[in-house]
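Colleague: Could you have a look at this structure, given as structure tokens, before my questions?
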Amino acid sequence: MKVTAIGTGYVGLVTGACLAEMGNHVVCLDVNPEKIRVLNGGEIPIHEPGLLEVVRRNVAAGRLQFTTDVDMAVQHGTLLFIGVGTPPDEDGSADLQYVVAAARSIGQRMTDYKVIVDKSTVPVGTADKVRAAIKEELVKRGLGDMAYAVVSNPEFLKEGAAVEDFMKPDRIIVGSDDEQATLLMRALYAPFNRTQDRMLVMDVRSAEFTKYAANAMLATRISFMNELALLAEKVGADIELVRRGIGSDPRIGYQFLYAGAGYGGSCFPKDVKALVKAAADNEIPLKVLTAVEEANERQKRVLVDKVVARFGGDLKGRRFAIWGLAFKPNTDDMREAPSLVIIDELTKLGATVAAYDPVSMSETARVLGPRDDVALVDRAEAALQGADALLIVTEWKEFRTPDFDAIKAALKAPVVFDGRNLYDPRLMKTLGIEYNGIGRG
Ligand code: NAD
């Protein structure tokens, strides 16, 4: 099939590359010429395991191309995926300007039947807005009767495992009220859906809602555990044992029950906000989700509170090592990363920071800009030299079993603040390391 992916970010690029992998002919369009230059140079602008290989293989096979040429891209696809950003607006609602602009650019150029697929995470009712924007453009061109369909196909991939998630989806949600479009979507996804039918076809609004509901539920589990962790510390319980204790109940399950330094990323914070805002607009205040967000804001500061409790509120002359900057392992994505809040708070209190992340160093440098109070170092050990304590913020595998003797030798005093509960407090005690985890009373 002929597919166009509009937006070559985490979602658009993975979608385009994985659809090409199944034999489709895909054009990926972006308004950012730098991204297209990188892609046409045989590289990818993001860190995503396995993606570079899929991209290179399909470019070589002639099934995948990258362009800024909107005319060519719109003409190419029968299915046009919109995978552009939907960042939070000032009031928390999803900013749909990029989605609507993409829709307009389609309406300004299409000359035959197209299926426009909303893959971006968008509020309920967005498909109607996309449909209306296209219609408006068609009417301007005197083509008001031209047939097209708008379907919702929210994406559930996880950054860091995006290719695998796309190739082996848990479910494929398609919101469609157009029979021909549904048939095309079924055909397109058939290769991803062979062992078991994982496609759920529903009405467009329910599909749009499903994505927000999923992210809201996952964020809720995290904030729930983070709040319990705060209490566990006070009452002398270990949240890690509690986690295992409750996870063994199949009604609860083990996934997404980790207490930590708060959730970040480009999805949970903005999607929770957008759902809370949409609910408020509909006069259905979502009390649970409002608390989920508040709890997360507090949680991003928990490590700093622990540092202050240990070293006092004036951190002038202190230096802290930070391991892990990306909002989660296996990605370079720094959007809403808790590490940024931690760096900000520590430096505001007068401290300096030496930080290391296996892949997001250049992205961090770009986000932070030049700073005298933050040194970005290229090895985990280098961050430790002469620091007053080590803070672990992202649970990269390489931090799981470090050389504890080297940590002790490099730090001024052996103090560790473990924002991801990677280490066993009893082992730390035996090693003579002052250990501060999350919820480990
Ligand atoms: P991103 O910011 O990485 O990429 C968006 C891309 O769209 C950018 O490259 C931008 O230049 C491009 N763009 C903007 N307007 C355009 C236009 N008119 N034409 C062509 N290109 C245009 O975003 P992302 O992380 O891939 O997220 C995209 C959407 O998918 C968001 O709604 C997000 O909530 C959702 N989503 C993201 C993830 C994730 O893990 N990142 C997972 C599921 C869903």
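Here, each number is a calculation from the coordinates, and none is a lab measurement. As the structure is a prediction and not an experimental result, all values here were calculated from the model. Ideal geometry is used to build each Cβ from the backbone, glycine not excepted, and the neighbour counts take in all protein chains shown.
Colleague: Restricting the count to DSSP beta bridges whose residues both fall in segment 300-436, what percent are antiparallel, rounded to a multiple of 5?
Modeller: Of the beta bridges lying entirely in segment 300-436, close to 0 percent run antiparallel.
Colleague: For segment 188-272, place one equal point scatterer on every Cα, skip the solvent, and apply the Debye formula. What is log10 of I(q)/I(0) at q = 0.20, 0.25 Å⁻¹?
Modeller: The Cα Debye sum returns log10 ratios of -0.99, -1.15.
Colleague: Charges on Cβ only, +1 for Lys and Arg, -1 for Asp and Glu, centred on the Cα centroid of segment 212-298; of Phe224, Cys267, Gln255, which one is farthest towards the dipole's positive end?
Modeller: Gln255
Colleague: Run the simple label-point estimate for Met72 and Arg171 please: 7 Å along Cα→C-beta, distance reported in nm.
Modeller: Roughly 3.9 nm, to one decimal.
Colleague: Another one. May I ask for the distance between the Cα centers of segment 184-254 and segment 126-180, given as a whole number of Å?
Modeller: 24
Colleague: Can you give the three extents of the C-alpha atoms in the chain along their principal axes, from longest to shortest, in whole Å?
Modeller: Between the extreme Cα coordinates on each principal axis of the chain lie 74, 47, 43 Å.
Colleague: How much length is gained on full extension from Glu164 to Lys429, taking 0.36 nm per residue of separation minus their Cα-Cα distance?
Modeller: 91.5 nm
Colleague: Kindly point out which whole DSSP H helices in the chain project their C-alpha atoms 24 angstrom or further along the helix axis while averaging a Kyte-Doolittle hydropathy of 0.0 or above.
Modeller: Span-like helices here: 204-235.
Colleague: How much length is gained on full extension from Val288 to Ser206, taking 0.36 nm per residue of separation minus their Cα-Cα distance?
Modeller: 27.5 nm
Colleague: Still on this structure: Please give the length that would be gained between Arg186 and Ala280 if that part of the chain were fully extended, namely 0.36 nm times their separation in residues minus their C-alpha to C-alpha distance (nm, one decimal).
Modeller: This chain segment gains 30.3 nm when fully extended.
Colleague: Hey, another quick one. Over segment 212-298, calculate the relative contact order: mean separation of alpha carbon pairs under 8 Å at least 6 apart, over the residue count, as a percent.
Modeller: Over segment 212-298, the number comes to 40 percent.
Colleague: Report, by chain and number, residues whose modeled amide H sits under 5 Å from the one on Cys28, excluding near sequence neighbours (fewer than 5 apart, same chain).
Modeller: The answer is Ala5, Gln65, Phe66, Thr67.
Colleague: Could you tell me, in Å, what Rg and Dmax come out for the Cα atoms of segment 335-398?
Modeller: Calculated on Cα positions, Rg and Dmax stand at 11.1, 31 Å.
Colleague: Just list whichever of Lys211/Lys287; Lys158/Lys328; Lys270/Lys328; Lys234/Lys306; Lys114/Lys135 have alpha carbons separated by over 21 Å in the model shown.
Modeller: Pairs exceeding 21 Å: none.
Colleague: Whose amide H sits under 5 Å from the amide H of Ile322, counting only residues 5 or more places off or on another chain, with H placed in the peptide plane?
Modeller: For Ile322, the qualifying residues are Ala354, Ala355, Tyr356, Leu391.
Colleague: Sorting Asp357, Asp30, Asp373 on the 10 Å Cβ count, fewest up front, what's the list?
Modeller: With the sparsest Cβ surroundings first, the list reads Asp373, Asp30, Asp357.
Colleague: So which trypsin sites (Lys or Arg not before Pro) in segment 280-366 end up in coil per DSSP with only 14 or fewer other C-beta atoms within 10 Å?
Modeller: Of the trypsin sites (Lys or Arg not before Pro), the ones in loops of segment 280-366 whose Cβ has at most 14 other Cβ atoms within 10 Å are Lys316.
Colleague: Consider just the alpha-carbon atoms of segment 300-436 and return their Rg together with their Dmax, both in angstrom.
Modeller: Rg, Dmax (Cα atoms, Å): 13.6, 40.
Colleague: Just to confirm my numbers, what's the Cα centroid distance between segment 51-117 and segment 391-425 in Å?
Modeller: Using only Cα atoms to place each centre, the spacing works out to 43 Å.
Colleague: Could you compute the FRET efficiency for Asp178 and Ala309, with r as their C-beta to C-beta distance and R0 at 41 Å, rounded to 0.05?
Modeller: Working from the Cβ atoms, E equals 0.10.
Colleague: Report the relative contact order of segment 304-379, percent, no decimals, based on alpha-carbon pairs under 8 angstrom and at least 6 residues apart.
Modeller: It rounds to 33 percent for segment 304-379.
Colleague: Could you tell me which of Leu349, Thr430, Val359 has its Cα farthest along the dipole of segment 348-441 towards the positive end, charges placed at Cβ (Lys, Arg +1; Asp, Glu -1), taken about the Cα centre?
Modeller: Highest projection toward the positive end goes to Thr430.
Colleague: Follow-up question, since we're still on this one. Considering Cα pairs under 8 angstrom that are at least six residues apart, work out the relative contact order of the chain and quote it in whole percent.
Modeller: Result for the chain is 12 percent.
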